[in-house]
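Q: Please see the structure below; I have some questions.
Please treat every number below as a calculation from the coordinates, not as lab data. The model shown is predicted, which means the values in this text are computed figures rather than measured ones. Cβ: placed from backbone, ideal geometry, glycine included. Neighbour counts: every protein chain shown.
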Amino acid sequence: MKLSVFPNYRLLSEKASDEIIQMVQKKPTAVLCFASGDTPRLCYQLFVEKAKAAKIDFSAISFVGLDEWVGIPPSNEGSCHFFLNNLVLKHLNFSNANIHLFDGMSDDPIQECRKMDQFLHEKGGVDLMLVGVGMNGHIGFNEPGISSHYYSHLVELHNTTTSVGQKYFKDATSLKLGITLGLNHLLEAKEVLMLANGLKKALVIKKALEENISDQMPASIIRTHPNSEVMIDEEAASMLRS
């Protein structure tokens with residue numbers, strides 16, 4: 001694991017967007033996996049701008065979403081589907097056949113997990129996965145206590161996740177279940193970027209990077225990945241020992 005600390009959120013986002021650009025330029029058939037959320041928002045905006053300026057062809061690039069709220073339709077602005085489509089997918093020439101997002105409205109979320117795993121298996125796995133870190137240390141919807149050996153799975157969401165998640169919705173929304181790629185997908189990804197910014201993430205970053213590697217702190221698993229980079233700003237790094 002490599003740790004990179006940036007003076008501010010803008011420079012963090014610039015460097016992360018450059019990493020994605022380098023991947024798609026190096027491998028025109030790359031498989032990308034993106035998280036939704038506030039932290040990567042600027043990174044995605046910059047990535048799209050740079051990709052358009054460089055006239056990169058995305059027709060052979062594959063794209064998967066990291067997770068989704070169960071029971072939330074893709075038309076809802078709080079859904080991960082809406083976020084990724086609005087920030088990334090609709091702006092670049094991805095082939096629909098190469099895009100796979102979890103369907104939060106499916107009557108059979110377990111089958112949704114199987115379909116995602118099959119899609120990734122057929123594509124040869126994830127080349128670059130970009131994730132954030134939740135206030136309780138989750139990655140995607142891999143909540144504290146969930147085994148790192150899982151692939152895609154259905155999750156009962158913790159109170160912290162459902163409470164923080166309200167900020168993405170215009171009105172109070174019932175959030176009980178999530179569907180997510182598992183930490184085993186992260187461990188098998190060829191490259192992983194984990195982003196965090198702001199003072200609010202300082203404590204969880206300290207726990208993830210300096211305390212024991214444990215399922216109780218899912219983000220700590222990043223330290224076991226041989227080609228991972230934790231990219232944080234100085235505020236998020238403020239509680240680290242060095």
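Q: Please compute the length gained on full extension between residue 214 and residue 110, using 0.36 nm multiplied by the number of residues separating them and subtracting their Cα-Cα distance. It would help to have the intermediate numbers written out before the result.
A: Working: separation 104, 0.36 × 104 = 37.44 nm, distance 2.57 nm.
Contour length minus Cα-Cα distance gives 34.9 nm.
Q: Let me know the shape class of region 55-114, please: from the alpha-carbon gyration tensor, a ≥ b ≥ c as square roots of the eigenvalues, rounded when a/c is under 1.5, otherwise prolate if a/b is greater than b/c, or oblate. Intermediate results must be reported in sequence, preceding the final value.
A: On the way: a/c = 3.14, a/b = 1.60, b/c = 1.96.
It comes out oblate by the Cα gyration axes.
Q: Continuing with this model, one more query. If you take every residue apart from residue 81 with its C-beta less than 11 Å away from the C-beta of residue 81, what net charge results, scoring Lys and Arg +1 and Asp and Glu -1?
A: -4
Q: Grab the DSSP H runs of the chain that are 4 residues or longer, score each as -39,500 (n - 2.57), total them, divide by all residues and round the 222 nm result to the nearest 500 deg cm²/dmol. Walk me through the intermediate numbers first.
A: Details: 7 runs with 76 residues, N = 242.
When only DSSP H runs of four or more count, the value is -9500 deg cm²/dmol.
Q: First select every other residue whose beta carbon is under 11 angstrom from the beta carbon of residue 155; then total the charges, Lys and Arg +1, Asp and Glu -1. Please list the in-between numbers first.
A: On the way: positive: 176; negative: 67, 68, 143, 156.
My count for the surroundings of residue 155 gives -3.
Q: Averaging the inverse of every distinct alpha carbon separation and then flipping it gives the Kirkwood radius. What is it for region 2-233, in angstrom units? Walk me through the intermediate numbers first.
A: On the way: mean 1/r = 0.0569 Å⁻¹.
Answer for region 2-233: a Kirkwood hydrodynamic radius of 17.6 Å.
Q: Under 23 Å Cα-Cα from residue 52, which lysines qualify once same-chain neighbours fewer than 8 residues away are excluded?
A: By straight Cα distance, residue 52 reaches 15, 26, 27, 90.
Q: Right, next: Taking 7 Å along the Cα-to-C-beta vector as the label spot, tell me the residue 56-residue 173 distance in nanometres, rounded to one decimal.
A: 2.8
Q: Within 10 Å, count the other beta carbons around each residue, average over each peptide in 173-185, 154-166, and list them highest first.
A: With the highest mean Cβ count within 10 Å placed first, the list reads 173-185, 154-166.
Q: Now a separate question. Each residue of region 56-69 in order: what ³J(HN,Hα) in whole Hz does its phi give by Karplus 6.51 cos²θ - 1.76 cosθ + 1.60, θ = phi - 60°, with x for Gly and Pro?
A: After applying 6.51 cos²θ - 1.76 cosθ + 1.60, I find 6, 8, 9, 5, 10, 7, 9, 9, 10, x, 6, 7, 6, 6 Hz.
Q: Something else about it: Of 86, 196, 9, which is farthest towards the positive pole of the chain's charge dipole, taken about the Cα centre with +1 and -1 on the beta-carbons of Lys, Arg and Asp, Glu respectively?
A: Among 86, 196, 9, the one farthest towards the positive end of the dipole of the chain is 9.
Q: Using a 10 Å cut-off on Cβ atoms, rank the peptides 54-65, 228-239, 85-96 from the highest mean neighbour count down. Intermediate values should be presented prior to the final figure.
A: Details: 54-65: 17.1, 228-239: 21.0, 85-96: 15.2.
Listed from highest to lowest mean packing, they are 228-239, 54-65, 85-96.
Q: Whole-Hz Karplus ³J(HN,Hα) for region 180-186, in order, using 6.51 cos²θ - 1.76 cosθ + 1.60 and θ = phi - 60°, x for Gly and Pro?
A: 8, 5, x, 5, 5, 4, 4
Q: Amide H of residue 177: which non-local residues (sequence gap of 5 or more, or other chain) have their own amide H closer than 5 Å, using H built in the peptide plane?
A: 70, 157
Q: When all alpha-carbon pairs of region 125-195 are counted, what percent fall beyond 16 Å?
A: Details: 1242 of 2485 pairs.
When every Cα pair of region 125-195 is considered, 50 percent fall beyond 16 Å.
Q: How much FRET efficiency would the formula 1/(1 + (r/R0)^6) give for residue 122 and residue 96, where r is the Cβ-Cβ distance and R0 is 22 Å, rounded to 0.05?
A: Working: r = 16 Å, r/R0 = 0.71.
That gives a FRET efficiency of 0.90.
Q: If the chain between residue 75 and residue 150 were fully stretched, how many nm would it gain, using 0.36 nm times the residue separation less the Cα-Cα distance? Walk me through the numbers on the way to the answer.
A: Values: separation 75, 0.36 × 75 = 27.00 nm, distance 2.87 nm.
Extra length from residue 75 to residue 150 when fully extended: 24.1 nm.
Q: Starting at the first residue of region 168-176, write each ³J(HN,Hα) from the Karplus equation 6.51 cos²θ - 1.76 cosθ + 1.60 with θ = phi - 60°, in whole Hz, x for Gly and Pro.
A: Per residue, the Karplus-derived 3J(HN,Hα) values read 7, 10, 5, 10, 4, 10, 6, 10, 10 Hz.
Q: Skipping prolines and chain starts, which residues have an amide H placed within reach, meaning under 5 Å, of the one on residue 230, given they are 5 or more residues away or on another chain?
A: The list, which skips near neighbours in sequence, is 2, 3, 4, 194.
Q: Once you sort the root eigenvalues of the Cα gyration tensor of region 8-107 as a ≥ b ≥ c, which label holds: rounded (a/c under 1.5), prolate (a/b larger than b/c) or oblate (the other case)?
A: Values: a/c = 2.20, a/b = 1.36, b/c = 1.62.
Judged from the Cα gyration tensor, region 8-107 comes out oblate (a/c at least 1.5, b/c at or above a/b).
Q: Net charge around residue 217, counting only other residues with Cβ within less than 14 Å of its Cβ (Lys, Arg = +1; Asp, Glu = -1)? Before the final figure, lay out each step's value.
A: Numbers: positive: 201, 206, 207, 223; negative: 143, 210, 211, 215.
Here the count lands on 0.
Q: Can you list the residues, at least 5 places off or on another chain, whose amide H is less than 5 Å from the amide H of residue 56, using H built in the peptide plane?
A: none
Q: Which value, in debye to the nearest 20, gives the size of the charge dipole of region 2-233 about its Cα centre, when Lys and Arg are +1 and Asp and Glu are -1 at the Cβ? Please list the in-between numbers first.
A: On the way: 22 positive and 26 negative charges, 136 e Å.
Computed charge dipole of region 2-233: roughly 660 debye.
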